[in-house]
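Peer 1: Pasting a structure here, questions to come.
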Amino acid sequence: MARSALDETSLSGAFVRTASVFRNFISRDPNSQFPAEPGRYHLYISYACPWASRCLAYLKIKGLEKAISFTSVKPIWERTKESDEHMGWVFPASDTELAGAEPDPLNGAKSIRELYELASTNYTGKYTVPVLWDKRLKTIVSNESAEIIRMFNTEFNDIAENAALDLYPPHLQSQIDQTNEWIYNKINNGVYKCGFARKQEPYDEVYAVHFKCNKKLLREYPNLFNYTKEIFQVPGMSSTVNIDHIKRHYYGSHPSINPFGIIPSGPDIDFSSPHDRDRFSI
């Protein structure tokens with residue numbers, strides 16, 4: 001049966017994210033099944049999905065736009081097939097339907113679900129983004145963002161315009177892995193645990209309106225807020241952030257949380273404003 005993130009709730013009422021299924025790896029080795037060749041791969045994303053957005057961010061700041069193409073789906077989930085009630089990521093019918101979203105240029109797919117079914121006729125999991133697609137073999141290489149960003153960081157350095165940038169240097173990998181562990185569980189996935197909770201206990205696991213994580217807003221944490229602005233201002237990063245798509249998706253795709261689909265007008269935050277991160281310069 002077709003599933004989505006809204007179906008990942010345990011008997012205790014807690015949100016439990018299932019693991020990604022497609023876990024192949026692109027390699028610099030020209031003899032590998034998936035060699036790092038320019039023009040061979042395509043990244044499907046949603047600007048509203050943080051896991052997909054970080055893949056697009058890597059693609060941009062590593063300078064891989066000429067080597068790896070990408071397409072964004074529409075932000076609000078729609079029916080993916082007439083034969084069932086599944087709601088998920090879909091492509092617009094034309095380039096002009098919605099700014100920032102494009103039709104599938106490779107397979108003419110109507111939804112991300114169709115891409116999964118092209119890659120595997122027996123697939124029964126979720127139809128998530130990101131999807132890293134192999135144009136030659138017409139299949140999904142990976143749908144695990146943590147592994148896609150590792151590929152982008154190292155395996156395409158022969159063709160990356162910013163090959164010298166290493167976001168996972170060997171001497172820091174252990175520290176990065178440890179930091180990622182608590183950031184993922186407590187922050188990145190933590191808001192989903194709160195937002196999709198169906199009972200009070202899992203919610204009390206301690207964005208603001210939709211997922212009810214309003215204990216403190218990001219801009220009320222000076223260090224985190226200035227760090228966020230610094231990252232936003234990295235060359236190429238701001239083009240990967242589409243606040244309109246983000247708000248449309250979360251307020252429009254989760255009827256169990258926001259049944260009327262009303263999209264708030266705010267907040268209006270200038271992430272390009274000056275930050276104080278220079279005080280950490282050595």
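Peer 1: Of the residues that sit in segment 209-226 and are in a loop (DSSP other than H, G, I, E, B) and within 21 Å of Arg248 (Cβ to Cβ), which one is modelled with the highest pLDDT?
Peer 2: Checking each candidate, the answer is Leu217.
Peer 1: Moving on. Residues of segment 151-163 being of a type in the set (D, E, K, R) and open to solvent by 50 Å² or more (accessible area, probe 1.4 Å), which ones?
Peer 2: To start, the set of residues in segment 151-163 that are of a type in the set (D, E, K, R) comprises 155, 158, 161.
Once the filter is applied, which keeps residues that are of a type in the set (D, E, K, R) and open to solvent by 50 Å² or more (accessible area, probe 1.4 Å), segment 151-163 yields Asp158, Glu161.
Peer 1: Consider Glu37 carefully, then state whether it is more than 25 Å from His245 (Cα to Cα) and open to solvent by 30 Å² or more (accessible area, probe 1.4 Å). Walk me through it before giving the result.
Peer 2: Details: more than 25 Å from His245 (Cα to Cα): yes; open to solvent by 30 Å² or more (accessible area, probe 1.4 Å): yes.
Against the criterion (more than 25 Å from His245 (Cα to Cα) and open to solvent by 30 Å² or more (accessible area, probe 1.4 Å)), Glu37 qualifies.
Peer 1: Moving on. Does Lys193 satisfy being at pLDDT below 95 and over 23 Å from Cys55 (Cα atoms)? Talk me through it step by step, then tell me what you get.
Peer 2: On the way: at pLDDT below 95: yes; over 23 Å from Cys55 (Cα atoms): no.
Against the criterion (at pLDDT below 95 and over 23 Å from Cys55 (Cα atoms)), Lys193 does not qualify.
Peer 1: All but one of (1) out of contact with any Gly (no Cβ under 7 Å at 6 or more places or on another chain); (2) of a type outside the set (A, V, I, L, M); (3) open to solvent by less than 50 Å² (accessible area, probe 1.4 Å) hold for Tyr251; state the number of the condition that does not hold.
Peer 2: So Tyr251 meets the others, but not (1).
Peer 1: Let me ask you something else. Consider segment 167-184. How many of its residues are under 23 Å from the mean Cα position of the chain (by Cα) and surrounded by 12 or more Cβ atoms within 10 Å (Cβ to Cβ)?
Peer 2: 6
Peer 1: Cys49 passes all but one of (1) open to solvent by 10 Å² or more (accessible area, probe 1.4 Å); (2) touching an Asp or Glu at 6+ places or on another chain (Cβ under 9 Å); which number fails?
Peer 2: Going through (1) open to solvent by 10 Å² or more (accessible area, probe 1.4 Å); (2) touching an Asp or Glu at 6+ places or on another chain (Cβ under 9 Å) one by one, Cys49 breaks only (2).
The values are calculated or read from the model by the stated rules, or taken from the named source; none is laboratory data. Note that the structure is predicted; figures quoted are calculated from it, not measured. Virtual Cβ from ideal backbone geometry, glycine too; neighbours counted across all protein chains shown. Ligands, DNA and RNA are excluded from the accessible area calculation, which covers all protein heavy atoms including side chains. Shrake-Rupley method; radii C 1.70, N 1.55, O 1.52, S 1.80 Å.
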